[in-house]
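Asks: To start, I am sharing the structure in question, which I have written as structure tokens.
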Amino acid sequence: MTGTEKGHMSTRAWVFGLVAAAAAWGPSAARAAEPADPSNGPGKPFLVAVGVGQFKDPAIHPRPTADADAKALAKLLADPKVLGVTPERTRLLTSADASKEAIVKAVEAAADATGKDDLVVLALFGRGSAVAEKPCFFTPESVFKDRAKTTLTVADLEPAFKKLKQQKLLVLMDVAYKGGFDAGTEKVLEPSVGPFLKLVYGDDDRDDNSLPTDRVLVFGNLPFREPLTKGDHGLFYSVLADALAGRADAKPHFAGYEPDGLVTLAELAKYLDKEIPNGAREVGKTDKEKELVPYVVGAATSRFWVSRNAAEAEGVSKRLAAVGQLVKDGKLTAEDAKEAGALLFRMPKLKWQQDLRKAYQDLADGKTTPDQVLATRKTIKEGLKLQEADAAAYAEKVAAWTRELSDKYIRPVTTGELTAAAIRGMYARAEEVLPADLEDELKKAKDLPAARQRELLTEARLRLGKREDLDGDKAVDLSLVTASGSLNDRYSVYTDRDGVRRMQSQLRGRFPGVGIQIRRDAVRDGLLVATPIKGSPAYRAGIQAGDLITEIRLEVDTKGKPLAPDAQRVFPTKGMKTEDAVNLILGEPESPVSLVVQREGEKDPKVFRLFRNFVLVETVHGVQRDKNAEWNYYLDEKMKVGYVNISQFIAIDTNEDGKEDFGTVTDLKKVIARLKKTGLNGLVIDLRENPGGYLSSAWHLCELLIDKGEKIVTVQPRGAAVREYRAEVAGDKSFEVVVLVNGNSASASEIVAACLQDHGRATVVGERTFGKGSVQDVVPFRPTGGELKYTIARYYPPTMRNIDKLATEQDPTIKEWGVKPDYGFEVKLTPEELNDWYEYIQDLHVIPAPGKPAPAVNPDKDKQLAKGLDLLRELIKSAGKGPKE
């Protein structure tokens, strides 16, 4: 039999199975036939459902819904209308038999019984705790005090999970880690989600630095939240069951233009994200309970469907049967029927595919003829041809990026390697298989000449044709995002035009908007104004902290141009994500946007029509704001101890006269000068949670505090001369300095802390810093309006010690990293203390509403700050500078 004949036989077999598939799709089917693209289905699914709510150890509290949830999930997924998991491929374990060994054995059975493209569902309902910071799951025999040996841990599951390399994986976690046990005097840490992420996704490096596909991890609640109950079941199961039974494929959650009868991972995640908070608001009794949200990982990189929507099954069944009948009647070819079946079976992503799907639906419904459908298809596909000039423009833009990175990136990388990564990334994000001939050439891309690289880029783009997800510069954006990931360098990234607009405040310290910080108010299902930014349009207009934004009204688009007549103008914020609201509110300077807010204690909403402008971001904060929102910087006025919190390092900017106008260093100079007028004996510089910023800003800040000529930092680029940054002016050494750091103090923060520590100018207090010892260049990418950030060098403090944590992974002889607190001044926070500290600092920078007191920095709530303050008081007293008693 020739290859051609084999292909024809395969197609005919598929078509003749279509009628059977239509019958199998119906509500009475034991299992639906394989979809047109089996790789996106659950294959032969296997379920491991574990529910443990009863425990022999009285120190562990019962959780009655756990057993009921596991049993109900097993029953639901056994339903042929939903998924049809067979009894022999189901392991249901409850309080009666869910020993640690039985759970491990069940997961091993799932791994052994499934193969490539089969779905494994693991669901855990119950209680847990932590061994150190690693999560554990209580089984009926678990003993709380001996939980390191008697509970199910991630380590117990690792051998079985290593067998689950090719299978699709859905892990559902509804485990109560908080408050479900009597710990006595023991201090129990909150568990980290990290071990579960490693269990599900492994720690293998991927070419594009992304998560493995078709592996999804769902937490019904994060470990520091207590799950809620709804009736006889947990809230998580109640919402999950509705989603899997079809509601996630109903309006407004379905993808495309209508339900298609399948619940995909994207639809499931969307449903959980919306309906769990809705359920929490309904059944929660406290504000904390009402703020319950799920945490879903991997849905964006997973395309498989997980269950069926029975309400749509009959319609799909009839249409598939109609297509099969057309083939039997000789009115439709096998190849055309295969295309029709694939489109009818599952909603496609692209608009042209959806248009063709509608045509096949009309054909199946008898509203059109095969000839008319083929004519429609011909017209659609002719419109998909991309002009070669457009593909060549794509190639040139990507090539410009490859040249930039190849010339300046800290590690040697060829333009050919980057070209291959860009093409592979574009196809991966487009969810298309890379053609074999292109794949063969990309294997030797490292040695390809520049001209051939551009030809490959052009050809790769041409083959994908016109499609909305690659329109304009989207193809370039997708290519550069994924190709940047191939460097396995979290600090080297490409940001598209919209991302640049959103992130302008992070380095430049200014952005075009109205000047408010917002966060989601889960209790009231709206957007809460955390604070207006001083001097911004919102601040001047009278928007206040605590206002609830209920509606956003637009008059122009993000570029300041009038909206089209049919464009949406009014956007209610109910259910809106914070990032979506930010995208609507940001825009061109001088362009209008209206915010409708509900103010506490007032019956009628207020409408604020604002004109966007450049908003300056405060980066130097003090102890407490006065009634005019100005900062007081004295932490201890009698001892003349000042305090500044630096949230990031933005560049120095100048006004029209060339004088320093704003920026981190400029603002700190002003604070020090102001404090010196009334007395300054000591200064706390708080760099905790400061992710860094401009190297130049860190350099000039150090200049304020050390002697002229002293070394601040040494920068070592690839293949270029080492550059030393030294103090070019004499700093002020008349007062003592304490620098506060923690594990999120990074980059420029570490340069400052290490410099002042190495010169003995400051005592470093707190916890070891993040360990980012590299320097990035941030440059506009003019071909797209985006921005490139890539690593160009490593830096070293005055003593030339290593700061970079990554260096210790690359060179085992390097042991030290980060900036450690001075001896005797390490102050570690437990996870509980850290959570309390985060809650305490959350509103410290807020501008309160008129008549409300401003929050204040309080050493009694901050033991790291208290340690630093005590040291400064001692040093000031020993120097004879304190107040005379």
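The values are calculated or read from the model by the stated rules, or taken from the named source; none is laboratory data. Since the structure is predicted, the reported quantities are computational estimates derived from the model, not experimental observations. Cβ atoms come from the backbone with ideal geometry, glycine included; neighbour counts cover every protein chain shown. Areas reflect the complete protein model, heavy atoms only, side chains present, ligands, DNA and RNA absent. Shrake-Rupley method; radii C 1.70, N 1.55, O 1.52, S 1.80 Å.
Asks: Report every pair of residues separated by at least 6 positions or lying on different chains whose Cβ atoms are under 7 Å apart, first residue within region 621-643 and over 17 Å from residue 666 (Cα atoms) and open to solvent by less than 20 Å² (accessible area, probe 1.4 Å), second among the basic types (Lys, Arg) and outside any loop (DSSP other than H, G, I, E, B).
Replies: 639/873
Asks: Before we move on, is residue 698 open to solvent by less than 10 Å² (accessible area, probe 1.4 Å), small (Gly, Ala, Ser) and in a helix (DSSP H, G or I)? Quick ask: steps written out before the conclusion?
Replies: Numbers: open to solvent by less than 10 Å² (accessible area, probe 1.4 Å): yes; small (Gly, Ala, Ser): yes; in a helix (DSSP H, G or I): yes.
So residue 698 fits the description; yes.
Asks: Same structure again: Residues that are over 30 Å from residue 410 (Cβ atoms), open to solvent by 20 Å² or more (accessible area, probe 1.4 Å) and at pLDDT 95 or above: list the helices (runs of 4 or more DSSP H) wholly contained in region 768-885 that include at least 2 such residues.
Replies: Counting at least 2 such residues, we get 863-878.
Asks: Could you pull out every one of the helices (runs of 4 or more DSSP H) wholly within region 236-354 that has 2 or more residues that are farther than 20 Å from residue 173 by Cα, open to solvent by 20 Å² or more (accessible area, probe 1.4 Å) and hydrophobic (A, V, I, L, M, F, W, C)?
Replies: Ranges flagged: 310-328, 334-345.
A quick yes/no check of all residues on (1) within 30 Å of residue 261 (Cβ to Cβ); (2) at pLDDT 95 or above; (3) open to solvent by 40 Å² or more (accessible area, probe 1.4 Å):
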position	(1), (2), (3)
7	yes, no, no
10	yes, no, yes
18	yes, no, no
32	yes, no, no
35	yes, no, no
43	yes, no, no
68	yes, yes, no
71	yes, yes, yes
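Asks: Next up: Quick one: in region 424-440, which of the residues that are outside any loop (DSSP other than H, G, I, E, B) and under 14 Å from residue 479 (Cβ atoms) is most open to solvent (accessible area, probe 1.4 Å)?
Replies: Checking each candidate, the answer is 429.
Asks: Provide a single number: the residues in region 492-516 that are of a type outside the set (Val, Ile, Thr), modelled with pLDDT of 80 or more and buried (at least 18 other Cβ atoms within 10 Å of the Cβ).
Replies: Going through region 492-516 one residue at a time, the tally reaches 7.
Asks: State all residues of region 731-750 that are without any contact (Cβ under 8 Å) to a residue 40 or more places away in the chain and out of contact with any Gly (no Cβ under 9 Å at 6 or more places or on another chain); if no residue qualifies, say none.
Replies: Within region 731-750, 731, 733 qualify.
Asks: Starting from residues that are among the acidic types (Asp, Glu) and in contact with a Lys or Arg (Cβ under 9 Å, 6 or more places away or on another chain), keep the ones in region 174-192 and report whichever is modelled with the lowest pLDDT.
Replies: 190
Asks: Same structure, new question: Among the listed residues 389, 395, 421, identify the single one that is assigned to a helix (DSSP H, G or I), open to solvent by 30 Å² or more (accessible area, probe 1.4 Å) and of a type in the set (A, V, I, L, M, F, W, C). Please lay out each step first, then the result.
Replies: Numbers: 395 fails: open to solvent by 30 Å² or more (accessible area, probe 1.4 Å); 421 fails: open to solvent by 30 Å² or more (accessible area, probe 1.4 Å).
Residue meeting the stated conditions: 389.
Asks: Then there is this: For residue 728, indicate whether it is farther than 30 Å from residue 401 by Cβ, open to solvent by 10 Å² or more (accessible area, probe 1.4 Å) and more than 34 Å from the chain's Cα centre (by Cα).
Replies: Yes, satisfied.
Asks: Return a yes/no flag: does region 552-569 have any residue that is within 23 Å of residue 603 (Cβ to Cβ), within 28 Å of the chain's Cα centre (by Cα) and surrounded by fewer than 18 Cβ atoms within 10 Å (Cβ to Cβ).
Replies: The answer is yes; a qualifying residue exists.
Asks: Only one of (1) in contact (Cβ under 8 Å) with a residue 12 or more places away in the chain; (2) touching a strand residue (DSSP E or B) at 6+ places or on another chain (Cβ under 9 Å); (3) surrounded by fewer than 24 Cβ atoms within 10 Å (Cβ to Cβ) is not met by residue 194, so which one is it?
Replies: (1)
Asks: If you don't mind, there's one more thing I want to ask. Please go through region 364-401 and give me each residue that is under 21 Å from residue 780 (Cα atoms) and without any contact (Cβ under 8 Å) to a residue 60 or more places away in the chain, ordered by number.
Replies: 393, 399
Asks: Same structure again: Could you tell me which residue of region 211-244 is nearest to residue 309 (Cα to Cα), considering only residues that are in contact with a strand residue (DSSP E or B) (Cβ under 6 Å, 6 or more places away or on another chain) and among the aromatic types (Phe, Trp, Tyr)?
Replies: Looking at the filtered set, the residue picked out is 236.
Asks: Counting only residues that are hydroxyl-bearing (Ser, Thr, Tyr) and touching a Ser or Thr at 6+ places or on another chain (Cβ under 9 Å), which one in region 580-621 is nearest to residue 645 (Cα to Cα)? Don't jump to the end; show me each part of the working.
Replies: Our first condition is that a residue be hydroxyl-bearing (Ser, Thr, Tyr); within region 580-621, this holds for 591, 594, 619.
From what's left, touching a Ser or Thr at 6+ places or on another chain (Cβ under 9 Å): 591, 619.
Numbers: 591: 33, 619: 8 Å.
The extreme case among them is 619.
Asks: Shifting gears a bit: State whether one or more residues within region 480-487 are open to solvent by 50 Å² or more (accessible area, probe 1.4 Å) and at pLDDT 90 or above.
Replies: Yes - at least one qualifying residue is present in region 480-487.
Asks: Looking at 133, 101, 108, which is the one that is touching a Ser or Thr at 6+ places or on another chain (Cβ under 6 Å) and charged (D, E, K, R)?
Replies: Residue meeting the stated conditions: 133.
Asks: Against the condition among the basic types (Lys, Arg) and either within 33 Å of the chain's Cα centre (by Cα) or modelled with pLDDT of 95 or more (or both), how does residue 63 come out, does it pass?
Replies: Working: among the basic types (Lys, Arg): yes; either within 33 Å of the chain's Cα centre (by Cα) or modelled with pLDDT of 95 or more (or both): yes.
Yes; evaluated as a whole, the condition is true for this residue.
Asks: Output the number of the condition that residue 130 fails; it satisfies all remaining conditions of (1) modelled with pLDDT under 95; (2) in a loop (DSSP other than H, G, I, E, B).
Replies: All conditions are met except number (2).
Asks: Go through (1) open to solvent by 20 Å² or more (accessible area, probe 1.4 Å); (2) out of contact with any Phe, Trp or Tyr (no Cβ under 9 Å at 6 or more places or on another chain) for residue 117 and report which single condition fails.
Replies: Condition not satisfied by residue 117: (2).
Asks: Pick from region 677-688 the residues that are in contact (Cβ under 8 Å) with a residue 12 or more places away in the chain and not in a loop (DSSP other than H, G, I, E, B): which of them is farthest from the chain's Cα centre (by Cα)?
Replies: Filtering region 677-688 for residues that are in contact (Cβ under 8 Å) with a residue 12 or more places away in the chain and not in a loop (DSSP other than H, G, I, E, B), the one farthest from the chain's Cα centre (by Cα) comes out as 678.
Asks: Residue 753 passes all but one of (1) among the small types (Gly, Ala, Ser); (2) without any contact (Cβ under 8 Å) to a residue 40 or more places away in the chain; (3) under 18 Å from residue 687 (Cβ atoms); (4) crowded, with 18+ Cβ neighbours inside 10 Å; which number fails?
Replies: It fails just one condition, (2).
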